[in-house]
1. Looking at (1) over 22 Å from the mean Cα position of the chain (by Cα); (2) not in a helix (DSSP H, G or I), can you tell me which one K65 breaks?
2. Looking for whichever is among the aliphatic types (A, V, I, L, M), modelled with pLDDT of 85 or more and open to solvent by less than 20 Å² (accessible area, probe 1.4 Å) here; the options are V80, V23. Which one fits?
3. Within segment 92-103, can one find any residue that is part of a helix (DSSP H, G or I), in contact with a Pro (Cβ under 8 Å, 6 or more places away or on another chain) and either hydroxyl-bearing (S, T, Y) or at pLDDT 90 or above (or both)?
4. Could you tell me how many of the residues in segment 142-161 are open to solvent by less than 40 Å² (accessible area, probe 1.4 Å) and in contact with a helix residue (DSSP H, G or I) (Cβ under 6 Å, 6 or more places away or on another chain)?
5. Going by the conditions given, is V32 at pLDDT below 85, of a type outside the set (F, W, Y) and outside any helix (DSSP H, G or I)?
6. Go through segment 103-117 residue by residue and tally those that are open to solvent by 10 Å² or more (accessible area, probe 1.4 Å) and either in contact (Cβ under 8 Å) with a residue 12 or more places away in the chain or within 22 Å of P253 (Cα to Cα) (or both).
7. What is the residue count in segment 47-66 for residues that are open to solvent by 20 Å² or more (accessible area, probe 1.4 Å) and either under 23 Å from G286 (Cα atoms) or not basic (K, R) (or both)?
8. Return the only residue of I172, I218, I182, I197 being of a type in the set (A, V, I, L, M, F, W, C) and free of Cβ contacts under 8 Å to residues at least 12 places away in the same chain.
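The values are calculated or read from the model by the stated rules, or taken from the named source; none is laboratory data. The structure displayed is predicted, hence computed values, not measured ones. Note that each Cβ is placed from the backbone with ideal geometry, even for glycine, and that neighbours are counted across all protein chains shown. The accessibility values were calculated without ligands, DNA or RNA, using every heavy atom of the protein model including side chains. Shrake-Rupley method; radii C 1.70, N 1.55, O 1.52, S 1.80 Å.
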Amino acid sequence: MLQALGGGVSGALTRFVAHPFDVLKIRFQLQVEPLKKRSNVSKYAGMLQAFSSIFREEGLRGIWKGHLPAQMMSITYALVQFWSYEQLHTAMLQYKFGRDNVHLSYFMCGGLAGCVGTVVAQPFDVVRTRVVAADPGTTAGTLKPLSGVHKVFKREGLRGVSSGMMMTLVQIYPLVGANFVIYKFLNHFTFKIISLIREEKHVRREIPGALLFMNGAISGVLAKVLVYPADLIKKRTMLSHFQEDRKSFGVNPLCDTIMLCIRSTLEKEGVRGFYKGMWPTLFKSGVMSACYFTIYDYFNNKITVPYKQYERQQNEEKNKAKK
């Protein structure tokens, strides 16, 4: 329960900090026109120009557009992901394979946990994407988290609320798996450096929060670079159901299916088209990963681990009393 609670807290706080970059990422990913300052047909041409344009046209609420469904998605995803990871990793350590292949077990457990979290949180991601991508005041642009999921399901069925699920799972397994591996490796390396500096080779000390944050940011950026094109295709395939609510942003991508999306993106925008919106995404991924892991590890160190120790002591005292 505490592991799940820690994941939920980290997801909520992280989303609050990183959401403006997410808005920018989605707007960039869905723009067919080039992201160039000299282009006369492009609505957005760069991070600062886009932030300025959104603020001017939609106000401060535009920069935080879709925050409620995004918050629901983040809390649900982080809660399920971190809890699943802890259970899977604990189970993996029961086997010799898991103990002998530490980094591989991090990758496998992290990837599977990410997939479980994605399946549960995907309907909120669909609603979040529609709210951010739609014209202000349209039906899609005013969807609320829970009622929005209900409306989409009622109108479009399971296919609607699971839109983009296949591409999400394709990218989430290597993304989260790599994220966990890199983060754990960096933390292990940090432990070694700290022990050498303090000349305490056999004593594990708690990593300072600033270093946890830095390790999380590095792992998030490196992992995201590996799978970014899949994230763009996922977002574009979510467009096929609500293009009528998105007329003021330029041409809509032709992405009714995954293969059609890949082909049309390559033909109209070239290879660079698959990396649109990557810079705000890397900012967002670095911040989100850093906050996710730092807050979760801090929660574990200050609450979950002490409670486990207390529970263990209570059980030992009960066993002694019985004897």
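1. Every condition holds for K65 apart from (1).
2. V23
3. For segment 92-103, residues part of a helix (DSSP H, G or I), in contact with a Pro (Cβ under 8 Å, 6 or more places away or on another chain) and either hydroxyl-bearing (S, T, Y) or at pLDDT 90 or above (or both): absent.
4. The qualifying residues number 7.
5. yes
6. Total meeting the criteria: 7.
7. Number satisfying all stated conditions: 13.
8. I197
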